[in-house]
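Q: Encoded as structure tokens, here's the structure I'll be asking about.
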Amino acid sequence: MSVANARPALTVLLATPRGFCAGVDRAIQIVERAIEKYGAPVYVRHEIVHNRHVVDRLRALGAVFVEELDEAPDDRPVVFSAHGVPKSVPAEAKSRRMLYLDATCPLVSKVHVEAQRHFETGREIVLIGHAGHPEVVGTMGQLPDGAVALIETVEDARVFTPRDPANVAFVTQTTLSVDDTAEIVAALRARFPAIAAPHKDDICYATTNRQEAVKTVAARSDVLLVLGSANSSNSVRLAEVGRRSGAAAYLIDDATGLDFDWLQGARTVGVAAGASAPEVLVQGLIARLGEVFDVTVEEVEAARETVTFKLPRVLAG
Ligand code: SF4
């Protein structure tokens, strides 16, 4: 090959861990096994996880995605998404004698239990999270209207006015920015020193590890490419974390979203994937980069993950 035709060298730093977490893996398996066991169609309330490729693949297998339970018939199984649902949803399914499978991530269910426990001891509960996200809707919906106050920012924490400042607790969404949440928690603790809290926050291991890996990778990269869908909270956070760590960061659904103009002059590109993004998309992106560049891939490992979650008994085995 002549030197004139040589492809420019590009180092790809692959953030590890990346992609599917234990809760996403479990939720997808629940839909797949439900289709195997009960046949199609199986209804799924809300996108099972926030990834377009995952949803399209399950739809092709026989899943029907609906936003509310009243869009599903009584006589077909329905799966609740990994983000969790308000208590009213299983209650409605029971009243209609529907067969339902709950794919709520056990780490989201743990937050539900914490909120319930605080409520039973008479505490006023603050939920740190993003308004409108299905996990937030689900967590707030564990308790009666008005029992949980949503806080999104440090400013919200500074102006929040509880009924009794000595009797407040907080819980958090699982997929927040670790650093932003620490600031909000610090603002709450400064105002309410006795606030009841989880050990640190409720941000899950997968969110924490992926953000840690992105920080390391982004600090060494000119550009960071994050695979994930725009409605995926943890994927959006990864792009934000990357930007703060000094890389130009882009969130793309797959290799077709890559714009090579972003990479002009870049010698090192970081690649990460949100907790709902399949690994095949990462490999597709590396292959696409390899069409233009002479790519060297280096894995950058921030943590080892060994977490797995059991399937519901009716689908196990
Ligand atoms: Fe569960 Fe965390 Fe994965 Fe969400 S990102 S499904 S909380 S493990």
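Q: Quick test for you: out of L176, L188, pick the one residue that is in a helix (DSSP H, G or I) and modelled with pLDDT of 95 or more.
A: When all the criteria are applied, what remains is L188.
Q: Could you check I203 against (1) among the aliphatic types (A, V, I, L, M); (2) within 14 Å of the ligand (Cβ to nearest atom); (3) open to solvent by 30 Å² or more (accessible area, probe 1.4 Å) and say which number it fails?
A: The single condition I203 does not satisfy is (3).
Q: Checking N231 against (1) open to solvent by 60 Å² or more (accessible area, probe 1.4 Å); (2) more than 14 Å from the ligand (Cβ to nearest atom), which single condition isn't satisfied?
A: (2)
Q: List the number of the failed condition for S88; all other conditions in (1) in contact with a Ser or Thr (Cβ under 9 Å, 6 or more places away or on another chain); (2) hydroxyl-bearing (S, T, Y); (3) away from the ligand (no atom under 16 Å from the Cβ) hold.
A: Answer for S88: the failing condition is (1).
Q: Turning to a different aspect of this structure: Please enumerate the residues belonging to segment 9-44 that are more than 30 Å from R220 (Cα to Cα), out of contact with any Lys or Arg (no Cβ under 8 Å at 6 or more places or on another chain), among the aliphatic types (A, V, I, L, M) and away from the ligand (no atom under 16 Å from the Cβ).
A: Matches in segment 9-44: A34, I35, A40.
Q: Here's something else I'd like to know. Just to check your reading of the model, which residue among A218, A255 is buried (at least 23 other Cβ atoms within 10 Å of the Cβ) and small (G, A, S)?
A: A218
Q: So, A277, is that one open to solvent by less than 30 Å² (accessible area, probe 1.4 Å), in contact (Cβ under 8 Å) with a residue 24 or more places away in the chain, closer than 25 Å to C204 by Cβ and touching a helix residue (DSSP H, G or I) at 6+ places or on another chain (Cβ under 6 Å) or not?
A: Taking the combined requirement at face value, the residue does not satisfy it.
The values are calculated or read from the model by the stated rules, or taken from the named source; none is laboratory data. All values reported here derive from a predicted model rather than from experimental measurement. Glycine also receives a Cβ, built like all others from the backbone with ideal geometry; neighbour counts cover every protein chain displayed. These accessible areas exclude ligands, DNA and RNA; they are computed on the full protein's heavy atoms, side chains included. Shrake-Rupley method; radii C 1.70, N 1.55, O 1.52, S 1.80 Å.
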